[in-house]
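Reviewing the structure listed below.
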Amino acid sequence: MSTPPRPTFGQVRHYLARLGFVEDAPKPGIAAFKHAPSGAVFLFHDRDPDSPARESELYELGLQLTYRGVVTDADFQRFATNTAIPTPTP
């Protein structure tokens, strides 16, 4: 059984921005995303936006975003599965 595709790091970055997270670079090579209303903060090693998001990152995002009420579990699952499916070009 194959593993479903995951969103890219660039898609994660865009998703968090759409949710109201503000990106910061506290030091070189680190990307921080802060959401003042919920108090959520995510730190990632900055990397190529086309690289796949790590399973551990998606797990932590889903856990914290739903726990803090930023998104519902169903909303996060849609992001985690639908954004990874390539959109065919006409």
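FYI, it's all coordinate maths here, none of it is from the lab. This is a predicted model, so every value here is computed, not measured. When we count neighbours, we look across all protein chains shown, and the Cβ atoms used for this are built from the backbone with ideal geometry, even at glycine.
The table below gives the values:
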| quantity | calculated |
| --- | --- |
| Hz values of 3J(HN,Hα) by residue in the stretch 56-65 - Karplus curve (6.51, -1.76, 1.60), Gly and Pro given as x | 5, 5, 5, 4, 5, 4, x, 4, 6, 5 |
| Among (i) 1.26; (ii) 1.09; (iii) 1.00, the entry derived from the coordinates for Cα Rg over 2.2 N^0.38 Å | (ii) |
| The stretch 9-79, dipole about Cα centre (Lys/Arg Cβ +1, Asp/Glu Cβ -1), debye to the nearest 20 | 160 debye |
| Which of Ser56, Ser51, Ser38 has the fewest Cβ neighbours within 10 Å, and the rest in rising order | Ser56, Ser51, Ser38 |
